[in-house]
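K.L.:
Sending over a structure as structure tokens; questions will come in a sec.
The values are calculated or read from the model by the stated rules, or taken from the named source; none is laboratory data. This is a predicted model, so every value here is computed, not measured. We place every Cβ from the backbone using ideal geometry, glycine too, and count neighbours over all the protein chains shown. With ligands, DNA and RNA removed, areas are computed over all heavy atoms of the protein, side chains included. Shrake-Rupley method; radii C 1.70, N 1.55, O 1.52, S 1.80 Å.
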Amino acid sequence: MKTRRRWIILISLVLFSMMFYLFFWMLTTPYDLFPSDPVRAEKMREAIFNIISRRSIQMLAMIISAILISSTSLVFQTMTQNRILTPSLIGFDAIFISVQTTIVFFLSSSSIFFVNPYLNFLVSAGLMIVVSLALYRLILKKNKNNIIFLLLVGMVLSTLSRSFASFLQTVMDPDEFQSLTIRTEVSITNMNLSIIWLALPLMIIIIYLLMKDYREYDVMTLGEHNAIGLGVRYAKKMNTSLIYMALAMSISTALIGPISFLGLISVNAAREMLKDYKHLPLFLASSMITVIFLVLGQGIIAETGYLTTVTVLISMVGGIYMIYLILKENKA
Amino acid sequence: MKLKKIFSHRRFFLIIIFLILVIASLSVGILDVSLSDLIRFDQDAWNVIWISRLPRTIAIILTASSLSIAGLIMQAISRNKFISPSTAGTTNAAILGVLIGYLIMGNQPVIIRSIFAFVFAMVSTLFFMLMLKRIKFKNVIYVPLIGMMYGAMISSVATFIAHRYNALQFLNTIGIGGFSNKAVGSYELLYVVVPAMIIALIYATRFSIVGMGEDFAKNLGVSYGVVISVGLFVIALISSVTFVMVGILPFVGLIVPNLVTHYYGDHVKKTIVDIALFGSSFVLLNDILSRLIVFPYEISISFTMGVTGAIIFLILIIRRMRYEN
């Protein structure tokens, strides 16, 4: 009974934040939305329609990313047996930026791989998957499931690619650099909406693949030995999940840029709320919490005249929450 | 006896390399300074050396050796090979300190900037160490991950404040430095790290003992709290001053101690000189590289260090993994 009430609260909060993001600006706008003059009324209706349709697409992008971020974080925490890690630590954003920089540097910004958003996304996502596959081959195969090592190597790799990208950026032509920033400075206030119709079906496929065997993840929470004993093909499961994760991270990074602590907060908040270990309800709840965070947060920040950005806010809240988690976990 | 011979042999080798790199660093530059000019005591040639080349080389040596030592101390007292000022939020706290100092007092001389950076770095490192003490499950890699997330949180606070007070542009300039502008009159503050290094040398043995644990240290009559505080003071001083003066040098505090202790063992007192030598050679080499790649221009040393350091670090990790297998 109690959990049902919590679900109702969650769903209504999600609906509220969506409504808030789409319509709240109407209440605070200084313009008269329903002028009596029929010509102006026609124009105004057009404007309102434009704003709402633009905001719906932005919201769709946020929802896609929210679902991807929370599902990957959830699975990642199960695989690492650790509640404080998120896959964003591997530093896919750095790899993304260096792929973009490399394309522009060697093929110029008028290259089809840069101009066409779909092709560009396919190339960068493909390369990210290749990189992560190489990492897994190199580390996980030799070192049975040592995902913590993977994380460390990923972090070093991200510094490497960031330095490499900055190096190319300093020596490249200034005009080329200008066009490069369109792709590299993606954030939640500057979303890359051109790939959204590719991202949506991809997201559905990934989530289906990731979540169709959600019960295996439930078993995996028992630890590697128990899971293998109970018939889970642990290593294979790990490898495939990591590939889906790489794809998911590349989509969300390309859409709304990197947001470091978001997965950590929402998954842990979902755990606290449901007091459950099963992955299906956790996945649903954490996705909803992420949507609330992103959409409502962005709505409020847009209302307050962009006082700060959602990314900064989430890093701050998330960091404090992480410290709280560490201290609490060790008290018990 | 034989072991000792190899040991001194290695150090001799290191000194030779170090000297060669110093000479190379003195001779790379846009103005032509030939050996015959120097022998003839040509005034212009000597001026180039005194005013620009030598300060730059000294700045590199001071920064590199002190940062490597800071990393060594941090790794010794936290008993973790993957911790360094850059993976424990110390650098991020220094950035926050510089920002706050700027907001309170406007543009100020480097010395006041350094004080702000120092205070913040000290407090934040202290907090991090206290947090570490409460973590029971101390996985070697888990701890620096927490450190990096902690650093990310401090950075986000800095971004938040900067955004609020219109100082984002200033925030982006903090930590961008390098050695290219170091000449007479702009590098002297770096000498502050010399006393810090001397303190480190005096306390070297005690740092190793503290690394063996609180109870063990107390049994040996070492005051745990005092030694830890001295260590934190040295780390915060070195990392804040070098940060304000030259900016971020990725991986120095992480890789150099790791490589050297790999060959010489963990006894701080025995390795501290070699670490200083090795660190200086490493950064000198990188600096020369970054001056030569796009000669007559130069690229920022943090990029070069990021690339070479990352590659070395990857090799280290992979080797360690093989060993663990």
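K.L.:
Which pairs turn up if I take residues in the range B:157-170 that are among the charged types (D, E, K, R) and look for partners that are surrounded by fewer than 16 Cβ atoms within 10 Å (Cβ to Cβ) and outside any helix (DSSP H, G or I) with beta carbon separation below 8 Å, at least 6 apart in sequence or on another chain?
P.N.:
B:Arg164/A:Leu307
K.L.:
Can you tell me which condition A:Thr309 does not meet? The list is (1) among the polar types (S, T, N, Q); (2) at pLDDT below 85; (3) more than 18 Å from A:Ile63 (Cα to Cα), and all the others hold.
P.N.:
Checking A:Thr309 against (1) among the polar types (S, T, N, Q); (2) at pLDDT below 85; (3) more than 18 Å from A:Ile63 (Cα to Cα), the one that fails is (3).
K.L.:
Suppose we filter A:Met245, A:Met220, A:Met288, A:Met273 for residues that are closer than 25 Å to A:Ile95 by Cα and either more than 14 Å from every other protein chain (Cβ to nearest Cβ) or open to solvent by less than 60 Å² (accessible area, probe 1.4 Å) (or both); which single one remains?
P.N.:
None of the other options fit; the residue is A:Met245.
K.L.:
Next question. Can you pull out every residue in the range B:155-175 that is open to solvent by less than 50 Å² (accessible area, probe 1.4 Å) and either modelled with pLDDT under 80 or more than 8 Å from chain A (Cβ to nearest Cβ) (or both)? Explain how you work it out, then say what you get.
P.N.:
Going through the range B:155-175, the residues open to solvent by less than 50 Å² (accessible area, probe 1.4 Å) turn out to be B:155-159, B:161-162, B:167, B:170-171, B:174-175.
Those that are open to solvent by less than 50 Å² (accessible area, probe 1.4 Å) and either modelled with pLDDT under 80 or more than 8 Å from chain A (Cβ to nearest Cβ) (or both): B:Ala158, B:Ile161, B:Ala162, B:Ala167, B:Phe170, B:Leu171, B:Ile174, B:Gly175.
K.L.:
Continuing with this model, one more query. Suppose we filter B:Phe216, B:Phe233 for residues that are closer than 22 Å to B:Gly97 by Cβ and surrounded by fewer than 21 Cβ atoms within 10 Å (Cβ to Cβ); which single one remains?
P.N.:
So the residue among B:Phe216, B:Phe233 that is closer than 22 Å to B:Gly97 by Cβ and surrounded by fewer than 21 Cβ atoms within 10 Å (Cβ to Cβ) is B:Phe233.
K.L.:
In the set A:Val232, A:Val267, which member is over 22 Å from A:Ile97 (Cβ atoms) and part of a helix (DSSP H, G or I)?
P.N.:
Values: A:Val232 fails: part of a helix (DSSP H, G or I).
Unique residue meeting the criteria: A:Val267.
K.L.:
Mind checking which pairs have a first residue in the range B:192-218 that is more than 15 Å from B:Ser78 (Cα to Cα) and free of Cβ contacts under 8 Å to residues at least 12 places away in the same chain and a second that is open to solvent by less than 50 Å² (accessible area, probe 1.4 Å) and among the aromatic types (Phe, Trp, Tyr), Cβ under 7 Å, 6 or more apart or different chains?
P.N.:
Taking only residues 6 or more apart or on different chains, the pairs are B:Lys218/B:Tyr224.
K.L.:
Six or more apart or on different chains, Cβ under 8 Å: which pairs go from a residue in the range A:245-267 that's free of Cβ contacts under 8 Å to residues at least 60 places away in the same chain to one that's open to solvent by less than 10 Å² (accessible area, probe 1.4 Å)? Could you list them?
P.N.:
Note: pairs meeting the criteria are A:Ile265/A:Ile314; A:Ile265/A:Gly318.
K.L.:
Select from the range A:175-212 the residues that are under 17 Å from A:Leu282 (Cα atoms) and open to solvent by 60 Å² or more (accessible area, probe 1.4 Å) and list them in ascending order.
P.N.:
Passing the criteria: A:Tyr208, A:Lys212.
K.L.:
Which one of the conditions (1) within 23 Å of B:Tyr203 (Cβ to Cβ); (2) within 14 Å of chain A (Cβ to nearest Cβ); (3) open to solvent by 10 Å² or more (accessible area, probe 1.4 Å) does B:Val119 fail to meet, given that it meets all the rest?
P.N.:
So the condition that B:Val119 fails would be (2).
K.L.:
Another one. Do we find a residue being touching a residue at least 60 places away in the same chain (Cβ under 8 Å) and within 13 Å of B:Thr63 (Cβ to Cβ) anywhere in the range B:255-270?
P.N.:
Yes, the range B:255-270 contains at least one residue that is touching a residue at least 60 places away in the same chain (Cβ under 8 Å) and within 13 Å of B:Thr63 (Cβ to Cβ).
K.L.:
Need pairs with beta-carbon distance below 6 Å; first residue among the polar types (S, T, N, Q) and within the range A:58-79, second outside any helix (DSSP H, G or I) and surrounded by 22 or more Cβ atoms within 10 Å (Cβ to Cβ); sequence gap 6+ or separate chains.
P.N.:
A:Ser73/A:Thr86
K.L.:
Also: Tell me, which residue of the range B:7-52 that is touching a helix residue (DSSP H, G or I) at 6+ places or on another chain (Cβ under 8 Å) and in a loop (DSSP other than H, G, I, E, B) is surrounded by the most Cβ atoms within 10 Å (Cβ to Cβ)?
P.N.:
B:Val33
K.L.:
Follow-up question, since we're still on this one. Which number in (1) over 24 Å from A:Gly319 (Cβ atoms); (2) in contact (Cβ under 8 Å) with a residue 12 or more places away in the chain; (3) open to solvent by less than 50 Å² (accessible area, probe 1.4 Å) marks the one condition that B:Gln108 misses?
P.N.:
(2)
K.L.:
A:Thr101 is checked against (1) part of a helix (DSSP H, G or I); (2) more than 13 Å from chain B (Cβ to nearest Cβ); (3) out of contact with any Ser or Thr (no Cβ under 6 Å at 6 or more places or on another chain); (4) among the polar types (S, T, N, Q) and fails just one. What number does that condition carry?
P.N.:
(2)
K.L.:
Test B:Phe207 against the criterion of being away from every other protein chain (no Cβ under 12 Å), under 30 Å from B:Ile318 (Cβ atoms) and either assigned to a helix (DSSP H, G or I) or open to solvent by 50 Å² or more (accessible area, probe 1.4 Å) (or both), and give yes or no. Spell out how you get there, then give the answer.
P.N.:
Values: away from every other protein chain (no Cβ under 12 Å): yes; under 30 Å from B:Ile318 (Cβ atoms): yes; either assigned to a helix (DSSP H, G or I) or open to solvent by 50 Å² or more (accessible area, probe 1.4 Å) (or both): yes.
Considered against the rule, which asks whether it is away from every other protein chain (no Cβ under 12 Å), under 30 Å from B:Ile318 (Cβ atoms) and either assigned to a helix (DSSP H, G or I) or open to solvent by 50 Å² or more (accessible area, probe 1.4 Å) (or both), B:Phe207 comes out as yes.
K.L.:
May I ask you to verify whether A:Ser12 is more than 20 Å from A:Ile51 (Cβ to Cβ), free of Cβ contacts under 8 Å to residues at least 12 places away in the same chain and not in a helix (DSSP H, G or I)?
P.N.:
No: the conditions fail for A:Ser12.
K.L.:
Identify the residue in the range A:83-96 that is open to solvent by 20 Å² or more (accessible area, probe 1.4 Å) and touching a Leu at 6+ places or on another chain (Cβ under 9 Å) and, among all such residues, is modelled with the lowest pLDDT.
P.N.:
Taking the candidates together, the pick is A:Leu89.
K.L.:
I need the full set of residues from the range A:302-330 which are in a helix (DSSP H, G or I), in contact (Cβ under 8 Å) with a residue 60 or more places away in the chain and either among the basic types (Lys, Arg) or open to solvent by 10 Å² or more (accessible area, probe 1.4 Å) (or both), in order please.
P.N.:
Scanning the range A:302-330 gives A:Ala302, A:Glu303, A:Thr311, A:Tyr321, A:Glu329.
K.L.:
Here is a check on your reading of the model: is A:Leu282 closer than 29 Å to A:Ala94 by Cβ, more than 14 Å from chain B (Cβ to nearest Cβ) and over 16 Å from the mean Cα position of the chain (by Cα)?
P.N.:
Against the criterion (closer than 29 Å to A:Ala94 by Cβ, more than 14 Å from chain B (Cβ to nearest Cβ) and over 16 Å from the mean Cα position of the chain (by Cα)), A:Leu282 qualifies.
K.L.:
Across the range B:178-191, what is the total count of residues that are open to solvent by less than 40 Å² (accessible area, probe 1.4 Å), more than 13 Å from every other protein chain (Cβ to nearest Cβ) and part of a loop (DSSP other than H, G, I, E, B)?
P.N.:
So the count comes out to 4.
K.L.:
List pairs: first residue in the range A:37-50 and part of a helix (DSSP H, G or I), second residue hydroxyl-bearing (Ser, Thr, Tyr) and exposed (fewer than 12 other Cβ atoms within 10 Å of the Cβ) anywhere in the structure, Cβ distance under 9 angstrom, at least six positions apart or on different chains.
P.N.:
Note: pairs meeting the criteria are A:Met44/A:Tyr31; A:Ala47/A:Tyr31.
K.L.:
Here is a follow-up. Just for helices (runs of 4 or more DSSP H) wholly inside the range B:215-325: which have at least 2 residues that are within 14 Å of another protein chain (Cβ to nearest Cβ)?
P.N.:
Hits in the range B:215-325: B:252-264, B:268-292, B:301-324.
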